[in-house]
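Accompanying notes for the structure given below.
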Amino acid sequence: MTVMAPAARPTTPRRYRLVAAVALALSLGLGRLPLRWQIAAVRTLRHLPCAPLARLEALHTAVLAVVPIWWPGRIACMEISLATVIATALTGRRSAWVLGARFLPHTAHAWAEVPEGTVGRDIGDAVDRPWTAVLTVP
């Protein structure tokens, strides 16, 4: 009999995990709304100054750390990237929410980015077929 060991969960400072948990709850709540309302909600954050890449990476790691294993619904790239953007806003900064796609096979993906770089974009598969941003919500 083979027993699968659970993947190691990332660790982050407690303050980022608290913000990430609140942001993930808000993201899951916004996920029930139409996409245009989600986009409108993120656009209200554009007056905030841009976050440094290090903070965005730390918050993204914190969101990944607080994703509950027991959750029965979907928590994938769209919810995680939206939670990362919301967590960044809760710390007084902003990042862009990007929805993208690629071809062969046709797939969609979402990630967060700042002018210095992105988080959640490279998921490690098919490096020869890069993601193309379709919609960037500042």
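The values are calculated or read from the model by the stated rules, or taken from the named source; none is laboratory data. All figures in this text were calculated on a predicted structure; none of them were measured in a lab. Because the Cβ atoms are built from the backbone with ideal geometry, glycine has one as well, and the counts that use them run over all protein chains shown. Only protein heavy atoms, including side chains, enter the accessible area calculation; ligands, DNA and RNA are left aside. Shrake-Rupley method; radii C 1.70, N 1.55, O 1.52, S 1.80 Å.
Below is a table of values for the structure above.
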{"read-out": "Given charges at beta-carbon only (K, R positive; D, E negative), |dipole| of the chain in Debye", "value": "460"}
{"read-out": "Cβ crowding within 10 Å averaged over residues, with 99-106, 52-59 ranked highest first", "value": "52-59, 99-106"}
{"read-out": "Residue (of LEU35, ALA51, VAL22) at the positive-pole extreme of segment 20-138, dipole from beta-carbon charges", "value": "LEU35"}
{"read-out": "222 nm mean residue ellipticity, helices alone, for the chain (DSSP H n ≥ 4; -39,500 (n - 2.57); rounded to 500)", "value": "-12500 deg cm²/dmol"}
{"read-out": "Cβ-defined net charge surrounding TRP97, 14 Å radius [Lys, Arg +1; Asp, Glu -1]", "value": "+4"}
{"read-out": "Only Lys, Arg (+1) and Asp, Glu (-1) charged, at Cβ; segment 72-138 dipole about Cα centre in debye", "value": "160"}
{"read-out": "Label-point separation in nm, VAL127 to ILE69, each point 7 Å along Cα→Cβ", "value": "3.1"}
{"read-out": "For the chain, built as a Gaussian network whose Cα springs stay under 10 Å, the top-fluctuating residue of TRP71, TRP37, TRP97", "value": "TRP71"}
{"read-out": "Sulfur and carbon atoms: percent of accessible area, the chain [1.4 Å]", "value": "63"}
{"read-out": "Volume per residue of the C-alpha convex hull in the chain, rounded to whole Å³", "value": "136"}
{"read-out": "Distance between modelled label sites at LEU35 and CYS50, nm, 7 Å Cα→Cβ extension", "value": "2.6"}
{"read-out": "Accessible area per residue in Å² at 1.4 Å probe, computed on segment 1-110", "value": "60"}
{"read-out": "Computed over the chain: relative contact order in percent, which uses C-alpha pairs under 8 Å that are six or more apart", "value": "28"}
{"read-out": "Interchain or long-range residues, amide H under 5 Å from THR107's placed H", "value": "ARG102"}
{"read-out": "Ranked packing of 43-51, 74-82, most packed first, by mean Cβ within 10 Å", "value": "74-82, 43-51"}
{"read-out": "In Hz, Karplus ³J(HN,Hα) per residue of segment 108-114 (6.51, -1.76, 1.60; θ = phi - 60°; x = Gly, Pro)", "value": "10, 7, 9, 8, 10, 8, 10"}
{"read-out": "Amide H contacts of CYS50 (H built 1.01 Å from N, under 5 Å, at least 5 apart or other chain)", "value": "ARG94"}
